[in-house]
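Engineer: Quick one: structure below, then a few questions.
The values are calculated or read from the model by the stated rules, or taken from the named source; none is laboratory data. Because the structure is a prediction, the values reported are computed rather than measured. Here the Cβ is made from the backbone with ideal geometry for all residues, glycine too, and neighbour counts use every protein chain on show. Just so you know, the surface numbers come from the protein's heavy atoms only, side chains and all, with ligands and any DNA or RNA stripped out. Shrake-Rupley method; radii C 1.70, N 1.55, O 1.52, S 1.80 Å.
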Amino acid sequence: PRCAFTYVTGLATRFGWHDMEPTDSAFDFRLVTHLLNRVNEYQKRWSLHMVSATVHSSSAAYVVDLPGVTTWNHTLDGVTTRKPVPWDLTCQARHDRFVERLAETPTPTVSGATVPLRSNPALTDIDVLVPGIGNIREGSARLAAPEISDLPGYTRTRFIDAVLAALRPYANRFLAVNILIPFWDVTDTTSSPPLWQAIHDEIVAEFGKRI
């Protein structure tokens, strides 16, 4: 395997919430254990990018069918997928529950011990997505919204609060892990400060250099 090469220091993988909770409360972290066994075998490090390869790239598919969840339609390559809006409180609560289970799932270490994932020294980075859209990005990409301000119920405050809510469970639980979030120069109808700047400033105000 490529991770056996001496010049390779770590492994980056892409799988997300939908892959680890495909249906409501059916948590499946076997892929986490499998990857850590391989990483530990070659004494490498692991970066987890929280993105599913499915159309449900940033949230679990079942969430849109929960009572009262506000959704939007994302069409890409002729396929339309219902997704939750980032500020939906039910979606946020389920996301928090998922991250808590992920953080506490027992995982193997290179020494042979078993520790919660949040404490596993092999895990160095988590690349976080905003449930419902993915990256903080606008456009036609899979991990984006065509126009964030066109989502149902959008306000700048709601969206920024949703970004912070997506980051908070990771920052509060994975204390020894670098937490990252993909970020582009998104805008809305308020020009000063631009939306991307306002998001950046609120992230720094709450998390400092933690994110």
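Engineer: Of all residues in region 13-67, which are within 22 Å of N178 (Cα to Cα) and of a type in the set (S, T, N, Q)?
Structural biologist: Hits for region 13-67 are T13, T33, N37, N40, Q43, S47, S52, S57, S58, S59.
Engineer: If I ask for residues that are surrounded by fewer than 19 Cβ atoms within 10 Å (Cβ to Cβ), at pLDDT below 95 and hydrophobic (A, V, I, L, M, F, W, C), which ones from region 120-175 would you list?
Structural biologist: A141, L143
Engineer: Moving on to the next point. Can you give me the number of residues within region 12-36 that are outside any helix (DSSP H, G or I) and farther than 19 Å from D125 by Cβ?
Structural biologist: 8
Engineer: Show the residue pairs that are 6+ apart or on different chains and have beta-carbon atoms under 6 Å apart, the first residue being within region 178-196 and free of Cβ contacts under 8 Å to residues at least 60 places away in the same chain, the second being aromatic (F, W, Y) and open to solvent by 80 Å² or more (accessible area, probe 1.4 Å).
Structural biologist: D185/W196; V186/W196
Engineer: Take region 73-106 and flag every residue that is in contact with a Pro (Cβ under 7 Å, 6 or more places away or on another chain), surrounded by fewer than 15 Cβ atoms within 10 Å (Cβ to Cβ) and not in a helix (DSSP H, G or I).
Structural biologist: The answer is P106, and nothing else.
Engineer: Follow-up. Can you pull out every residue in region 12-38 that is under 20 Å from Y62 (Cα atoms), out of contact with any Asp or Glu (no Cβ under 9 Å at 6 or more places or on another chain), surrounded by 12 or more Cβ atoms within 10 Å (Cβ to Cβ) and free of Cβ contacts under 8 Å to residues at least 40 places away in the same chain?
Structural biologist: Of everything in region 12-38, just one residue is under 20 Å from Y62 (Cα atoms), out of contact with any Asp or Glu (no Cβ under 9 Å at 6 or more places or on another chain), surrounded by 12 or more Cβ atoms within 10 Å (Cβ to Cβ) and free of Cβ contacts under 8 Å to residues at least 40 places away in the same chain, namely F15.
Engineer: When the residues of region 39-52 are narrowed to those that are within 18 Å of the chain's Cα centre (by Cα) and within 20 Å of T6 (Cβ to Cβ), which ends up surrounded by the most Cβ atoms within 10 Å (Cβ to Cβ)?
Structural biologist: The initial filter retains those residues of region 39-52 that are within 18 Å of the chain's Cα centre (by Cα), namely 46-52.
Within this subset, residues satisfying the condition of being within 20 Å of T6 (Cβ to Cβ) are 46-47.
Details: W46: 23, S47: 17.
Ranking the candidates gives W46 first.
Engineer: For region 37-67, which positions are modelled with pLDDT of 95 or more, under 23 Å from Y170 (Cβ atoms) and assigned to a loop (DSSP other than H, G, I, E, B)?
Structural biologist: Result: L66, single match.
Engineer: Somewhere in region 191-208, is a residue open to solvent by less than 80 Å² (accessible area, probe 1.4 Å) and under 16 Å from the mean Cα position of the chain (by Cα)?
Structural biologist: yes
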